[in-house]
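Everything on this sheet refers to the single structure shown next.
The values are calculated or read from the model by the stated rules, or taken from the named source; none is laboratory data. As the structure is a prediction and not an experimental result, all values here were calculated from the model. Here the Cβ positions follow ideal geometry from the backbone for every residue, glycine too, while neighbour counts run over all protein chains shown. Ligands, DNA and RNA are stripped out before the accessible areas are found, and what is left, the full protein with its side chains, is counted by its heavy atoms. Shrake-Rupley method; radii C 1.70, N 1.55, O 1.52, S 1.80 Å.
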Amino acid sequence: MRALDAFHHGLNVFLRWFCVILFAAMVALVLAQVVTRFFDISAPWTEVSARYAFIWQGIIGAAYVIGEKDDVAIDWLVRKMPVTAVRGVSILAHLIVAFFAVWIMIYGGYANVSAGWTSIVQLLPVTQGQIFLVVPIAGALIAIYSALHIIDLLRTPAEAITEGGDDTDLDKLMDEGL
């Protein structure tokens, strides 16, 4: 199980830095656009590139947030349930998320990628299909994270499942440098 924990941690670190790099690229592209406009130079590709960097960063960031279990959850009612029910409801929730990721994001996203694979993006040397690849990639990441969360729920003692969850652990955030 240490290998799964190491994989989960490594994937989180990779996606965190991927999003940071995309954000930095987006800021650099917007800054380049402002500077070139200041000197009356037209660089319209910077706007398109920044837009697609924003889209990729947002969608991959959503997968990262699901992996960190920091997504929006209204769990007040779940925390009031018996411990055994909490495990079942949590597993059901992860299965629903995984189903959505596989059916809508991977299957539907692949159809979208296939439809746009030959359509060239204006001002950039890429196709719409290449831009749309982010949806099935994020779907696969979300499905992987859902499976990892289910495995974690199954191997965690029942009493530990309902502990905590109310407050943000500021010490953990400080240790991670956030």
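Residue-by-condition table, conditions (1) farther than 21 Å from Cys19 by Cα; (2) touching an Asp or Glu at 6+ places or on another chain (Cβ under 7 Å); (3) exposed (fewer than 13 other Cβ atoms within 10 Å of the Cβ):
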{"site": "His94", "(1), (2), (3)": "yes, no, no"}
{"site": "Val97", "(1), (2), (3)": "yes, no, no"}
{"site": "Val102", "(1), (2), (3)": "yes, no, no"}
{"site": "Gly108", "(1), (2), (3)": "yes, no, no"}
{"site": "Ser114", "(1), (2), (3)": "yes, no, yes"}
{"site": "Trp117", "(1), (2), (3)": "yes, no, no"}
{"site": "Gln130", "(1), (2), (3)": "no, no, no"}
{"site": "Pro136", "(1), (2), (3)": "no, no, no"}
Self-check item: Pair list, Cβ < 9 Å and 6+ apart or interchain, from the stretch 139-156 residues that are more than 13 Å from Glu68 (Cα to Cα) and in contact (Cβ under 8 Å) with a residue 24 or more places away in the chain to residues that are open to solvent by less than 10 Å² (accessible area, probe 1.4 Å) and in a helix (DSSP H, G or I)
Solution: Gly139/Ala63; Gly139/Ala101; Gly139/Gly109; Ala140/Ala63; Ala140/Ala101; Ala143/Ala101
Quiz item: Hey, any hits in the stretch 17-24 for a residue that's farther than 20 Å from Leu124 by Cβ and loosely packed, with under 15 Cβ neighbours inside 10 Å?
Solution: yes
Exercise. Taking the residues in the stretch 33-57 that are open to solvent by less than 40 Å² (accessible area, probe 1.4 Å) and in a helix (DSSP H, G or I) as candidates, determine which candidate is farthest from Gln122 (Cα to Cα).
Key: Thr36
Quiz item: Do we have any residue at all in the stretch 72-79 that's within 23 Å of Leu154 (Cβ to Cβ) and in contact (Cβ under 8 Å) with a residue 24 or more places away in the chain?
Solution: yes
Quiz item: Within the stretch 64-79, can you find the residues that are modelled with pLDDT of 85 or more and open to solvent by less than 70 Å² (accessible area, probe 1.4 Å)?
Solution: Tyr64, Val65, Ile66, Gly67, Glu68
Exercise. Hand me the list of helices (runs of 4 or more DSSP H) wholly inside the stretch 101-163 holding 3 or more residues that are β-branched (Val, Ile, Thr).
Key: 134-155
Self-check item: Filter result for Val34 (hydrophobic (A, V, I, L, M, F, W, C) and within 24 Å of the chain's Cα centre (by Cα))
Solution: no
Quiz prompt | For Val83: the one exception among (1) within 21 Å of Leu4 (Cα to Cα); (2) touching a residue at least 12 places away in the same chain (Cβ under 8 Å); (3) open to solvent by 40 Å² or more (accessible area, probe 1.4 Å) | solution = (1)
Quiz prompt | Residue that is farthest from the chain's Cα centre (by Cα), among those in the stretch 1-15 that are surrounded by 14 or more Cβ atoms within 10 Å (Cβ to Cβ) and over 17 Å from Phe54 (Cβ atoms) | solution = His8
